[in-house]
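We did not get these values from a lab; they are worked out from the coordinates using the rules stated. If you're wondering where the values come from, they're calculated on a predicted model, not measured in any experiment. Cβ sites come from the backbone with ideal geometry, for glycine too, and all protein chains shown count toward neighbours.
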Amino acid sequence: MRKTFTAFANAVAGAAGKAQTFIIALLIVVVWAFSGPVFKWSDTWQLVINTGTTIVTFLMVFLIQNSQNRDAAAFQAKLDELLRAVETARDDFIGIEHLSVEEIESLRRMLEEQTGECKDGHKAHASVERLLSRY
């Protein structure tokens, strides 16, 4: 069941981001709008688009969130692997996504204190400054 839902969520999320899907949705709205005079701008005519868009939006929230959760977890696993593999990287940063916002902010401030000053007055790590100086 889980793999079926994952495949379905991937397919729907992928299709939702395509230009063709937008064009189809736009055409549905245009057809609905032009059908207004035929249905005398009735409450039922308005209810059709309101109900349809509400249902689609409600379901899409869960499908897209499922895809984003998987993407974020995969991305985090890749970053953790890079931290583990790079000899000079700090292994302490593996898993910091599980910390509270306050703890992450504290880490961010600590890292900023370890940085140098850029030409424009912003803070940057020395390696970033070297990279920027090349261009």
Notebook entry, point to check: Please identify the trypsin sites (Lys or Arg not before Pro) of the stretch 1-52 that satisfy two criteria: DSSP loop assignment and at most 14 other Cβ atoms within 10 Å. Which are they?
Noted result: LYS18, LYS40
Check: Relative to the longest principal Cα axis of the chain, at what angle does helix 43-85 sit, 0 to 90 degrees, rounded to 10?
Finding: 20
Check: Which whole-number value in Å³ per residue fits the convex hull of the alpha carbons of the stretch 2-87?
Finding: 110
Check: Which ordering of MET1, MET110 is given by a fewest-first count of other beta-carbon atoms within 10 Å?
Finding: MET1, MET110
Item checked: Gaussian network model of the chain, springs between alpha carbon atoms under 10 Å - residue of GLU97, GLU113, GLU81 with greatest fluctuation -> GLU113
Next item on the list: Select from the stretch 1-95 those chymotrypsin sites (Phe, Trp or Tyr not before Pro) which occupy a DSSP coil region and have at most 11 other Cβ atoms within 10 Å, ordered by residue number.
Entry: TRP41
Next item on the list: Indicate the gyration tensor shape class of the stretch 3-45 (rounded, prolate or oblate), computed on the Cα atoms with a ≥ b ≥ c the square roots of the eigenvalues: a/c under 1.5 is rounded; otherwise a/b larger than b/c is prolate and the rest oblate.
Entry: oblate
